[in-house]
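Trainee: Can you read through this structure? Questions will come right after.
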Amino acid sequence: MTAFYHFNFNVLDLERSLAFYREALSLSPVREKEAGDGSFKLVFLGDEAGSPFQLELTWLREMDRPYELGDNESHLCMRVAGDYDAVRAEHRSMGCICYENHDMGLYFINDPDDYWIEILPER
């Protein structure tokens with residue numbers, strides 16, 4: 001049997017990404033791993049609900065340009081527990097909403113590296 005454990009995003013500016021995920025989605029570090037030579041750092045983020053799934057942010061010292069994400073439409077999806085409209089208003093004030101689909105009742109935000117995160121209301 002298998003179970004989801006984590007998903008990875010490579011990030012150019014780790015501190016900026018950590019601040020974004022804390023402010024936009026209330027995700028916080030639950031564990032970290034750093035190479036002895038400082039060539040990379042991994043930070044695993046968890047949600048307030050305590051779910052076992054984590055988002056891994058990978059910072060690579062040698063990366064000196066934005067990541068090329070290509071044309072695929074892969075994305076992370078999160079559900080809002082609580083006031084969906086208040087969360088959307090906060091994302092709008094942060095200027096990170098990149099797409100809204102009012103008919104489907106969802107929207108997407110993009111992080112500092114332009115990864116897309118789908119935001120859905122609680123069921």
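The values are calculated or read from the model by the stated rules, or taken from the named source; none is laboratory data. Note that the coordinates shown come from a computational prediction; the quantities given were computed from them, not determined experimentally. All Cβ positions, even for glycine, are placed from backbone atoms using ideal geometry, and neighbour counts span all protein chains on display. Just the protein is used for accessible areas: all its heavy atoms, side chains included, with ligands, DNA and RNA removed. Shrake-Rupley method; radii C 1.70, N 1.55, O 1.52, S 1.80 Å.
Trainee: If you scan the range 91-123, which residues turn out to be open to solvent by less than 80 Å² (accessible area, probe 1.4 Å), in a loop (DSSP other than H, G, I, E, B) and in contact (Cβ under 8 Å) with a residue 40 or more places away in the chain?
Mentor: Within the range 91-123, CYS96, ASP111, PRO112, ASP113, ASP114, TYR115 qualify.
Trainee: From the list PHE4, PHE9, which residue is touching a Phe, Trp or Tyr at 6+ places or on another chain (Cβ under 7 Å) and open to solvent by 40 Å² or more (accessible area, probe 1.4 Å)?
Mentor: Answer to the selection: PHE4.
Trainee: If you don't mind, there's one more thing I want to ask. Hey, ARG79 hits all of (1) more than 18 Å from LEU27 (Cα to Cα); (2) of a type outside the set (Asp, Glu); (3) assigned to a strand (DSSP E or B); (4) touching a residue at least 40 places away in the same chain (Cβ under 8 Å) but one; which does it fall short on?
Mentor: Going through the list (1) more than 18 Å from LEU27 (Cα to Cα); (2) of a type outside the set (Asp, Glu); (3) assigned to a strand (DSSP E or B); (4) touching a residue at least 40 places away in the same chain (Cβ under 8 Å), ARG79 breaks only (1).
Trainee: Within the range 57-64, is even one residue within 30 Å of ARG123 (Cα to Cα) and of a type in the set (D, E, K, R)? Give the steps one after another, and end with the answer.
Mentor: The initial filter retains those residues of the range 57-64 that are within 30 Å of ARG123 (Cα to Cα), namely 57.
Remaining after also requiring of a type in the set (D, E, K, R): none.
For the range 57-64, residues within 30 Å of ARG123 (Cα to Cα) and of a type in the set (D, E, K, R): absent.
Results for (1) at pLDDT below 95; (2) small (Gly, Ala, Ser); (3) assigned to a loop (DSSP other than H, G, I, E, B), shown as yes or no for each residue.
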site	(1), (2), (3)
THR2	yes, no, yes
ARG16	no, no, no
VAL43	no, no, no
GLU48	yes, no, yes
SER51	yes, yes, yes
GLY70	yes, yes, yes
GLU73	yes, no, yes
ALA86	no, yes, no
ALA89	no, yes, no
